[in-house]
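Here the structure comes first, spelled out in structure tokens, and everything after it is commentary.
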Amino acid sequence: MSELAGFPYIEINFDKKGKVVSATSPDAVETFVRESGLTDLCVVSHGWNNDRSEAFQLYSELFKSVRAQLTLGTVDLTGRKIGVLGIIWPSKKFKGMAEGAGTNAAGFGSAESDETVNALLDDLKGVLDEDDVQQSVEDLKRLVPELDNDPAARQSFADGLRAMLPQDAASADDASTTFFAADAEALFHDLDAPFLMVDAPGGGQGAAGGLGDLDGGAAGIGDFFCGAKAAARRLLNYATYYVMKARAGTVGEKGVSKLMQAIRQVKSDTKLHLIGHSFGGRLLSAAAQRAGDTAGAEATSAILLQAAFSHNGFAKAFKPGADGYFRSVMASKKVHGPVLITYTHNDKANAIAYPIASRIAGQNAAAFGGPGDIYGAIGANGAQHTPEAIKGTLLDAGAPGYAFASGKVYNLRADKHIADHGDVRGEAVAYAILSAVAAT
């Protein structure tokens, strides 16, 4: 039996349609759970990575921290045996949500280059990983030099881009329904101007500003280019985000949810703790939502580490008549225990991506990407418009103060302990995970 930081470990690999493609089968996972004597199984999913080795490094480092906390005795789990199930799925890194996606304020108002747009088109081709998009990408590249001056080129670019994408994951909470329906000229108009985010007084909350906020330079993060090619780049960033969002949902709904159901059929008293980073947070939220439709297959707890989906994902009526995509997870108690969410504006990948959704929706908000923006990220702001949500802080390892209860969402502001999007492997995070496990 394999181990990870001293925990029994098994992993399973899914393709982009949620089909198992690894030598490890669902039957092997069921046998693992049955024969390992586990009381608790941590189901962990990575976000965007190039390959399995990066995902495994994340899992190894995170659970080394978990092991360290157990060894120190900061959380009492006497009589419990924890195992780890690692989910591997075909996510991709991409420039639009990489660390440091903001550009230097000295370039404020500059035009974007053809080369940058073409490079992102090549990235999108790799993300889609479909033979039939190769020619479509080359067709879009031929339009790039004409975007500034030709409305027909802009129309063809927007239509061609959208035609390459699956539309079944479109939703209101990240403006993707608008993205597919909007007039091409409106899209280019709404995305052609620079935007800036700065931390509001108190830090970590995010606000948009004008040129005056550029004083001091480094305080602001954002996207400082202008014009039709800058708009095209933002459309490509958003399209790549959308593909990964859709894929994470598919793997969660069609793959991991079935695995959760099978595990519970084999050993109904196994506690299932879902731990998702980045788009892995969306994947496991989708898994919980679908698995929870079957009585007895509900998750026990969920820990979302800098999750990359809408901060209205669990919302009730975030706008008239619109609940969040994952509202039923809370409303129908598809997670029996607590849901923990780490969030910080130190996470520029989440803080910057969602202002694009605001622009697509035609929102010239006073707080792009912050909690006051309808299109903010949960990894930047925590769960918004969610009646079960409780404000909190990611505590130092071993510090008193956690009192996690079933049916609640805990927004844990993590400015002190999470420095960037991938900084989720430390002992403060491990302590929160174990505290959630202990509460169940």
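The values are calculated or read from the model by the stated rules, or taken from the named source; none is laboratory data. As the structure is a prediction and not an experimental result, all values here were calculated from the model. Cβ atoms come from the backbone with ideal geometry, glycine included; neighbour counts cover every protein chain shown. With ligands, DNA and RNA removed, areas are computed over all heavy atoms of the protein, side chains included. Shrake-Rupley method; radii C 1.70, N 1.55, O 1.52, S 1.80 Å.
In region 51-65, the residues that are farther than 21 Å from P90 by Cβ reach residues that are outside any helix (DSSP H, G or I) and aromatic (F, W, Y) with C-beta atoms within less than 9 angstrom, at least six apart or across chains, in these pairs: F63/F7; F63/Y9.
Results for (1) small (G, A, S); (2) open to solvent by 20 Å² or more (accessible area, probe 1.4 Å); (3) within 19 Å of the chain's Cα centre (by Cα), shown as yes or no for each residue.
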site	(1), (2), (3)
A315	yes, no, yes
D323	no, yes, yes
R327	no, yes, yes
K333	no, yes, no
I341	no, no, yes
T344	no, no, yes
A349	yes, no, yes
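Please determine, by comparing only the residues of region 75-108 that are over 24 Å from T240 (Cα atoms), open to solvent by less than 40 Å² (accessible area, probe 1.4 Å) and not aliphatic (A, V, I, L, M), which one is modelled with the lowest pLDDT. Going through the qualifying residues, I end up with G107.
When W48 is tested against (1) in a loop (DSSP other than H, G, I, E, B); (2) touching a Leu at 6+ places or on another chain (Cβ under 8 Å), just one condition goes unmet, and that condition is (2). Of G280, G372, G337, G321, all but one fail to be at positive phi and not aliphatic (A, V, I, L, M); the exception is G321.
For E30, the criteria (1) acidic (D, E); (2) over 17 Å from K267 (Cα atoms); (3) not in a loop (DSSP other than H, G, I, E, B) hold in every case but one, which is (2). Residues of region 419-428 include at least one that is closer than 22 Å to E61 by Cβ, touching a Gly at 6+ places or on another chain (Cβ under 8 Å) and either open to solvent by 60 Å² or more (accessible area, probe 1.4 Å) or in contact (Cβ under 8 Å) with a residue 60 or more places away in the chain (or both). G18 meets all of the listed conditions (1) over 23 Å from A436 (Cα atoms); (2) modelled with pLDDT of 95 or more; (3) open to solvent by 50 Å² or more (accessible area, probe 1.4 Å) but one, namely (3). Of all the criteria given as (1) open to solvent by 20 Å² or more (accessible area, probe 1.4 Å); (2) touching a residue at least 12 places away in the same chain (Cβ under 8 Å), the one not satisfied by D373 is (1).
Scanning region 22-50 for residues that are under 25 Å from the mean Cα position of the chain (by Cα), surrounded by 15 or more Cβ atoms within 10 Å (Cβ to Cβ) and free of Cβ contacts under 8 Å to residues at least 60 places away in the same chain gives a single hit, N49. Against the criterion of being open to solvent by less than 10 Å² (accessible area, probe 1.4 Å), under 21 Å from V424 (Cα atoms) and in contact with a helix residue (DSSP H, G or I) (Cβ under 7 Å, 6 or more places away or on another chain), L274 qualifies. Just to be sure before I move on: is I390 surrounded by fewer than 23 Cβ atoms within 10 Å (Cβ to Cβ) and outside any loop (DSSP other than H, G, I, E, B) in the structure I sent? Answer is yes for this residue.
Do we have any residue at all in region 401-408 that's among the hydroxyl-bearing types (S, T, Y), outside any loop (DSSP other than H, G, I, E, B) and more than 11 Å from L305 (Cβ to Cβ)?
No.
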